[in-house]
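The structure appears below as structure tokens.
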Amino acid sequence: MFEQLTPKDLEQIAERGISEIKMRTQFENFEKGFPFADIYDAATVGNGIMKPTQYEIDTCLKIFEQTKDDYTILKFVPSSGAASRMFKDLVKFSLAGNEHIDEFPDIKRSLDNIVKFAFYDKLKSKMRKAGLADPGTLVVQGDYKTVADYILGESGLGYQNKPKAMLAFHKYADEARTPFEEHLVEGATYAADINKVVHLHFTISAEHRKMFEEKIKMVVPKYEERFGVKYDITLSEQKPKTDMVAIDKSTGKLVRNHDGSLLFRPGGHGALIENLNDCTEDIIFIKNIDNVTVDRLKDDTYTYKKFLAGLLINLKTETAAALEALDSLSIDTYRLAQIEAYAASMLQIKVGVTYFALSLREKVAFWHQKLNRPIRVCGMVRNDGEPGGGPYWVRNAKGETSLQIIESSQIDFGNRFQVELVQKSSHFNPVDLVCSVKNYRGNKFNLNNYIDRQTGFISSKSQNGIDMKIQERPGLWNGAMANWITVFVEVPPSTFTPVKTLVDLLRPEHQ
């Protein structure tokens with residue numbers, strides 16, 4: 001496939017910062033595909049997932065409150081997605097027309113309750129300016145389509161093409177808040193540093209940058225005054241060097257733009273590891289843009305964010321002490337046994353049978369490599385039918401098992417043994433992470449060194465009338481963090497309140 005590239009193609013590739021080696025790897029991935037994850041077991045409570053006691057929660061909360069001022073803190077929010085998926089069914093209904101409303105029960109329920117949405121007042125204002133009746137009146141009259149068109153189209157709210165971060169999610173007595181604003185509120189509560197500065201980082205799409213910048217100017221002063229903090233907000237986009245080419249399924253050739261240049265597509269969620277790698281704070285909270293709730297239900301979110309961070313600080317401290325002991329020339333078998341027990345019980349690191357044949361020096365080297373890695377503490381929610389990747393014990397090519405977050409596309413559902421293990425799964429990943437990206441000496445890890453590059457996705461996509469194969473890099477909390485120290489902790493469902501469809505905004509946690 002490399003022979004398809006012209007001198008102009010090579011120039012275009014170099015301009016994006018993509019090396020020849022990485023380009024060849026993309027081609028090899030298309031040809032060979034990515035292997036399925038080798039699931040060894042489902043991670044469950046007592047087998048890879050910690051279920052904290054109230055004492056442990058209280059202890060970690062105390063650790064966080066007493067030590068947080070010693071650390072720099074960042075709230076990292078992936079928020080580059082447009083809301084197009086959220087309004088997919090509304091678009092389908094709009095194209096079908098009023099006579100088909102009963103074929104879209106969730107859309108009918110949403111529009112029947114249009115007055116309950118936080119964007120209702122703004123929608124009503126837009127429609128009045130156009131000389132139309134109120135949305136609620138039109139719905140009663142059976143004109144669902146006009147209301148849908150004004151939610152979606154640029155003459156109304158333009159929600160079809162806006163980022164999810166900028167939609168009005170929650171209605172309060174004196175304001176309507178977007179998810180972007182709800183993250184400002186959250187950040188003020190658990191991410192302010194000793195100087196009362198809240199550092200937030202949002203990953204965005206290039207086409208939405210101006211919208212974010214205008215929103216920051218408009219709302220930040222209000223929340224700074226309300227919470228007595230200062231916000232330091234940074235924005236970043238997926239880097240061009242993480243983009244991927246596409247293959248025309250009918251010809252097997254590289255897909256090109258109308259001008260003959262190569263078509264590049266964003267490299268998927270895993271590309272954000274590059275953005276995260278640019279962040280240098282000591283403690284980094286990661287949470288998706290749409291996982292927010294209203295003020296009256298935020299207490300659990302605050303409690304468990306602080307708990308996870310306190311646990312991370314404790315693990316970071318203990319791990320640093322272990323590494324310093326391993327650096328000592330006088331370490332003895334007793335101290336090594338303590339490190340082994342700590343790594344097994346708290347960090348869930350398993351050793352193979354060959355470990356026990358190693359010399360003391362070899363064991364010290366083994367643990368130095370195992371413990372000197374980035375750490376992530378991940379909240380896991382009991383699976384009651386919500387979508388999301390799951391926690392598993394996974395075996396790598398070396399036969400080593402470790403805790404991983406696995407998506408359904410990584411699972412071989414044609415293998416009944418793997419399916420049986422999936423059926424044992426009890427939890428899913430709500431994207432509730434707290435991370436440490438510095439080593440025990442305070443130096444920043446290069447996160448690119450901890451990616452499992454054998455993890456990825458090949459899928460189909462249609463664009464401009466072309467059916468093509470595309471690929472995505474390992475997901476940010478899947479293969480991109482595969483070689484981190486990983487700790488899974490059960491958190492309550494109340495901390496997971498995502499909005500994937502319009503009707504989700506009618507749930508109690510968004511009202």
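The values are calculated or read from the model by the stated rules, or taken from the named source; none is laboratory data. Since the model is a prediction, treat every value here as computed from it, not as a measurement. Don't worry about glycine lacking a Cβ; one is built from the backbone with ideal geometry, like all the others, and counts go over all protein chains shown. The accessibility values were calculated without ligands, DNA or RNA, using every heavy atom of the protein model including side chains. Shrake-Rupley method; radii C 1.70, N 1.55, O 1.52, S 1.80 Å.
Some points to look at:
- Net lengthening on full extension, K196/D467 (0.36 nm per residue, minus Cα-Cα): 92.4 nm
- Sites S408 and T25, calculated FRET efficiency, Cβ-Cβ separation with R0 35 Å, nearest 0.05: 0.90
- Under 10 Å, Cβ to Cβ, from D41 - net charge with Lys/Arg +1 and Asp/Glu -1: +2
- When only the Cβ of Lys, Arg, Asp and Glu is charged (+1, +1, -1, -1), the dipole of the stretch 66-152 relative to its Cα centre reaches about 280 debye.
- Label of the coordinate-derived value, Rg and Dmax of the Cα atoms in Å, listed as [x] 27.1, 98; [y] 24.7, 83; [z] 22.8, 72: [y]
- Sequence-distant residues sharing a close amide H with M244 (under 5 Å, placed H): R265, G267
- Selection from A480, F428, Q404 lying farthest towards where the dipole of the stretch 398-481 points positive, charges on Cβ: A480
- Computed about the Cα centre, the dipole magnitude for the chain is approximately 340 debye when only Lys and Arg (+1) and Asp and Glu (-1) carry charge, each at its Cβ.
- Near E175: Cβ cut-off under 13 Å, other residues only, Lys/Arg at +1 and Asp/Glu at -1. The net charge is 0.
- Those aspartates and glutamates that a straight Cα-Cα span of less than 18 Å connects to K424, excepting residues fewer than 8 apart in one chain: D38, D41, D384, E386, E407, D412, E490
- Placing a pseudo-label 7 Å from each Cα along the Cα-to-Cβ vector at K88 and A321 gives an inter-label distance of 4.9 nm.
- Sites matching trypsin sites (Lys or Arg not before Pro) across the stretch 208-289 that sit in DSSP coil, with at most 15 neighbouring C-beta atoms within 10 Å: K249, K253
- Above-threshold pairs, the threshold being 21 Å between Cα atoms, out of K122/K164; K68/K306; K51/K398; K215/K438: K51/K398; K215/K438
- Expressed as a whole percent, the accessible surface of the chain that belongs to carbon and sulfur atoms is 50, based on a 1.4 Å probe.
- Within-13-Å neighbourhood charge of C60 [Cβ basis; K, R +1; D, E -1]: +1
- Projecting label points 7 angstrom from Cα along Cα→Cβ for N161 and D102 puts them 3.6 nm apart.
- Stretch gain in nm, segment Q423-F366, where the contour uses 0.36 nm per residue and the Cα spacing is subtracted: 17.1 nm
- Cα centroid of the stretch 332-346 to Cα centroid of the stretch 456-507, whole Å: 36
- Taking all protein chains into account, the per residue accessible area for the chain stands at 46 Å² (1.4 Å probe).
- Applying the criteria of a DSSP loop state and at most 14 other Cβ atoms within 10 Å to the GluC sites (Glu not before Pro) of the stretch 115-181 yields E154, E175.
- C-alpha center-to-center spacing [the stretch 265-308, the stretch 62-118] in angstrom: 16
- Gain on full stretching of the segment that runs from E225 to R335 - 0.36 nm per residue minus C-alpha separation: 34.5 nm
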